[in-house]
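Contents: one structure, followed by commentary.
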Amino acid sequence: MMRRLKPFFTFGLLMAVFMLSGCSDMIVLDPKGPVGAEQRDLIMYSIWFMLFILLVVYALTAFIVYKYRDRKNHKGYDPDNEGSHLLETIWWIIPIIIVIALSIPTVKSIYSLEGPPEESKDQKPLVIHATSVNWKWVFSYPEQDIETVNYLHIPEDRPVLFKLTSADSMASFWVPQLGGQKYAMAGMETELYLQADEQGTYEGRNSNFTGEGFTNHTFDVMAMSDAEFDKWASETKADAPELSKGQYDKLMLPGHVKQMTFSSTHLDWVDHAKNPEYALDARERLGYEEKLPHSKAGKEEKKKREEEMKKLEESESHGDSHAH
Amino acid sequence: MKWDEFFVTGDPMIYGADVSIVLTMVGILFYLTKYKKWKWLWDEWLTTVDHKKLGIMYIVSAVLMLFRGGVDALLMRTQLAVPEAKFLDSQHYNEIFTTHGTIMIIFMAMPFLIGLINVVVPLQIGARDVAYPYLNAVSFWTFFIGAMLFNISFVIGGSPSAGWTSYMPLASNELSPGPGQNYYLLGLQIAGIGTLLTGINFLVTILKMRAPGMTLFRMPMFTWSSLVTMVIIIFAFPILTVALALMTFDRLFGSHFFTLQGAGMDMLWANLFWLWGHPEVYIVILPAFGMFSEIISTFSRKTLFGYKAMIWSMLLIAGYSFLVWVHHFFTMGSGALVNSVFSITTMAIGIPTGVKIFNWLFTMYRGKIQFTTPMLWSLGFIVNFVIGGVTGVMLAMAAADYQYHNTYFLVSHFHYVLIAGTVFACFAGLIYWYPKMFGYKLNERIGKWVFWVFTIGFNVCFFPQYFLGLDGMPRRVYTYSEESGWGPLNMVSTIGGFMMGIAFLILVYNMYYSFRYAKRETTGDAWDGRTLEWSTPTAMPPFYNFAKIPEVTGLDHFWRQKQAGKVEKLKAEDIKPIHMPSNSGVPFIMASFFFVAGFGMVFEWMWMAIFGIIGVFGTLFYRSFEYDDGYYVSVEEVIETEKISK
């Protein structure tokens, strides 16, 4: 019998080793800021509880299955044993205690993540509007009056308040190493505080499915010192071209673009949180129409769209020099 | 409309599918004609109102859908096996994961379970049929037609590609034009009618048709779980019906419930979807729990431990299932209070579920455990489902969920609960009740191969995905870069996926092998069972189930009778004429009209849709003037069927 159960045990053991050794490499468990760190701590706290539960259930299963397997000289058979109030009370109460033990830190974290991180509470957060458009990210710095596409610069050790919205599909703004995500929706504005404690480039992405270009709906976050950030912002303001309404409308077309930089923001004329129809109207103005993906027209449209975006990028090659 | 908009073109895989569909159809038509099976097909199957036959048809359809959804899964896993693979393009991948999710939940898991419920529940409660046999046929055919409508999308018009959750505004006309999303809406809508009718039918059946003496607290656990499931269906499915109808209006008739324009609320869709979608999870898990209770108790040769606690925990789970839907979008910025409340209610679901796990374990305690294949699947369920359960609690912690949301951590979690819960139960239940349906057991040795290959493959496939999630891999991406470092674990995962595919093939081989070579059952009690379905004297119960309705004196009535050596022999003088309902072709014809209506709406050909709807109402009208009250089975025929010697 033992032989028959062996795969179960070997497997469990393997998995445990796998899990404990692999943890430090996972980016969610290797945060570079206080928000991510808080979430990592909560995750690790829950993992210990879960491993304990698994251990108890597996040990009990192994014991019972081994001891009460059908065999010659089987002992202890009691076909009418149908319950025990004591035992059942125990396993109503223990999970309740575990749920309470998990609920308290969870609720604390939920509340604390609504505001800026504890360690930098007294600092004024940098406000950045992040707008998702199929399949690019537009970042507006209202205070600096600059706008970037598909990348952003942030100062380290200072909370950043992201005001999230979308021009079309529902997206999710996520920079795993800085902290958890939140949805960006047209006609709404959600807020997310993140902070980087280490300089470096972090990958961010949309993690909520938005159709064909979803996989590459990504951006880079560059965390730098305060001085560097200020220098970058003022240089951008001085050198980068202004964003025209026409250019912005073209950004509303579905497709990817590379990184871009502008010395003004679209917030001057549209707030997608208040005007969810803007992108659709822009597409109409430009004579764009979504075609059936499988039809000949759809395939041609797709090719045309890719060329269009390439042209847009070329006309903006100036902006590119500011990306890094 | 042009041809290139009607048929999906330009993809060799799709041409292959076209050819195989046509060949299969020709093959079936040829077979039916050559062996003169048309009449048999019509009389025995298409017009049947026998719950056992309908159950078998449900299961056959579900197995076919498992194959379709499984092929989808393997295509996805192939694409993801290595970084930057070019096997599928983005659009194709999106269509495949959308249909995979929809098919597995709506057209595989639910019909599989409903099929087993159809076969077993009337027998378990000692009834001759369900409360509304004709309605039962309508349920099956609307489900079947809905499934077929959804399935043809990949060769005609193009599949939906907005994910099985179909979040707006992505699923709107502006961002997902064409028939794909309409297929989703209409396929689910038509199948949903069938599910809701099943909910009503079995609720009434279980409440009103139980054999004398079977009080609610003497019902077998599977019947109990079915009852609770039907209640959830009755409350949840109308929400889906309304949500789908609203989105259909948005897409076909220009309304603005969820759209970007006209003050539509995209979040409203998400709320409605999950208000149905979360209870749906329990619709597919509670019957599974019921089956495991039966199987574990049977093969431990012991009464279920904590019968009443099992029922109360199930009722609690059912209640909770309606109170937790927001955990599907903790990241939607609903605020700290809302997230806290839904965090705690979600974690609380773990409590009754945990209680059930311990009760199953203690059912085996002091038992005499036999390692039959259904029992192996049940043990595998306990061991694997717990992993899904504990990670579910982790996901319930909203502050941590901000990091897991929409990642492979989530993908792994729900496959651990749905496969280790529902799919294991479908296999366990199928093998357990196979002799009831077909009169012979599936081969045990091959069955064990299926179990081990599938279970190991399942873990190899999904366990690495927890780590991929923690490493930041989002769900639904069609490819990833070399630098992401996700390559090796994805390769492992793909290997596991193919192992599950191989296990499925062995299962199909087992069906063939057992059909050819398995020893035929001579009594109805193939496993030395405990509940009434095993008490029929013939291996497969006749169409009227019980020649004489049993009288129940307590839980596990049949088992206790056997223990006491008091199993009653059927005597000729006990037999009275049995009233049974007549077969009817109307449900099948009505469903065909549903197909016409649905197909017309998918392509927005309103003349066709209206014709179909008129047909549906026509069949309803016809039925309301049909005065067929069924017929009586004569005493002689019963005596003959039951082989009673005078």
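A few remarks follow.
- Residue satisfying condition, being open to solvent by 30 Å² or more (accessible area, probe 1.4 Å) and within 20 Å of B:GLN79 (Cβ to Cβ), within set B:PHE498, B:PHE515: B:PHE498
- Meets criteria (within 14 Å of another protein chain (Cβ to nearest Cβ), assigned to a helix (DSSP H, G or I) and over 24 Å from the mean Cα position of the chain (by Cα)) for B:TYR416: no
- Selected residue [acidic (Asp, Glu) and either within 20 Å of B:MET580 (Cβ to Cβ) or modelled with pLDDT of 90 or more (or both)] from B:ASP4, B:ASP50: B:ASP50
- Every residue from the stretch B:485-499 that is of a type in the set (A, V, I, L, M) and in contact with a helix residue (DSSP H, G or I) (Cβ under 8 Å, 6 or more places away or on another chain): B:LEU489, B:VAL492, B:ILE495, B:MET499
- Selection count, the stretch B:294-323, where residues are within 23 Å of B:TYR365 (Cβ to Cβ), open to solvent by 10 Å² or more (accessible area, probe 1.4 Å) and aromatic (Phe, Trp, Tyr): 2
- Criterion: farther than 20 Å from B:LYS436 by Cβ and crowded, with 17+ Cβ neighbours inside 10 Å - qualifying residue of B:ILE589, B:ILE578: B:ILE589
- Residues that are open to solvent by 10 Å² or more (accessible area, probe 1.4 Å), in contact with a Pro (Cβ under 9 Å, 6 or more places away or on another chain) and either within 14 Å of chain A (Cβ to nearest Cβ) or charged (D, E, K, R) (or both), drawn from the stretch B:96-144: B:ARG128, B:ASP129
- Residue list for the stretch B:145-199, filter: touching a Lys or Arg at 6+ places or on another chain (Cβ under 8 Å), open to solvent by 10 Å² or more (accessible area, probe 1.4 Å) and not in a loop (DSSP other than H, G, I, E, B): B:ASN151
- Any hit, the stretch B:547-554, residues being part of a loop (DSSP other than H, G, I, E, B), among the acidic types (Asp, Glu) and out of contact with any Phe, Trp or Tyr (no Cβ under 7 Å at 6 or more places or on another chain): yes
- Residue that is most open to solvent (accessible area, probe 1.4 Å), among those in the stretch A:191-210 that are assigned to a strand (DSSP E or B) and of a type in the set (S, T, N, Q): A:THR201
- Any hit, the stretch B:30-46, residues being open to solvent by less than 40 Å² (accessible area, probe 1.4 Å), touching a residue at least 24 places away in the same chain (Cβ under 8 Å), assigned to a helix (DSSP H, G or I) and away from every other protein chain (no Cβ under 14 Å): yes
- Some residue of the stretch A:101-122 being of a type in the set (Gly, Ala, Ser) and touching a Pro at 6+ places or on another chain (Cβ under 7 Å): yes
- Any hit, the stretch B:554-575, residues being closer than 23 Å to B:ASP129 by Cβ, touching a strand residue (DSSP E or B) at 6+ places or on another chain (Cβ under 6 Å) and open to solvent by 40 Å² or more (accessible area, probe 1.4 Å): no
- Residues of the stretch A:248-283 satisfying the condition of being assigned to a loop (DSSP other than H, G, I, E, B) and of a type in the set (Gly, Ala, Ser): A:GLY255, A:SER263, A:SER264, A:ALA273
- When the stretch A:221-266 is filtered for residues that are of a type in the set (A, V, I, L, M) and closer than 19 Å to B:LEU260 by Cα, the ones remaining, listed by number, are A:LEU251, A:MET252, A:LEU253.
- For the stretch B:253-275, the condition holds for at least one residue, the condition being that it is part of a helix (DSSP H, G or I) and within 20 Å of B:VAL596 (Cβ to Cβ).
- Segments classed as strands (runs of 3 or more DSSP E), wholly inside the stretch A:134-190, with at least 1 members that are within 14 Å of another protein chain (Cβ to nearest Cβ), out of contact with any His (no Cβ under 7 Å at 6 or more places or on another chain) and on the phi < 0 side of the Ramachandran plot: A:160-166, A:171-175, A:179-184
- Any pair with Cβ under 6 angstrom, 6 or more apart, that starts in the stretch A:167-186 at a residue that is over 11 Å from B:PRO169 (Cβ atoms) and ends at one that is acidic (Asp, Glu): none
- Counting only helices (runs of 4 or more DSSP H) that sit wholly inside the stretch B:324-411, those with at least 3 residues that are more than 9 Å from chain A (Cβ to nearest Cβ) and open to solvent by 20 Å² or more (accessible area, probe 1.4 Å) are B:336-364.
- Any hit, the stretch B:464-482, residues being crowded, with 24+ Cβ neighbours inside 10 Å and more than 10 Å from every other protein chain (Cβ to nearest Cβ): yes
The values are calculated or read from the model by the stated rules, or taken from the named source; none is laboratory data. Quick caveat: nothing in here was measured; it's all calculated off a predicted structure. Here Cβ is always computed from backbone atoms with ideal geometry, including for glycine, and neighbour counts include all displayed protein chains. These area figures cover heavy atoms from the full protein model, side chains too; ligands, DNA and RNA do not enter into them. Shrake-Rupley method; radii C 1.70, N 1.55, O 1.52, S 1.80 Å.
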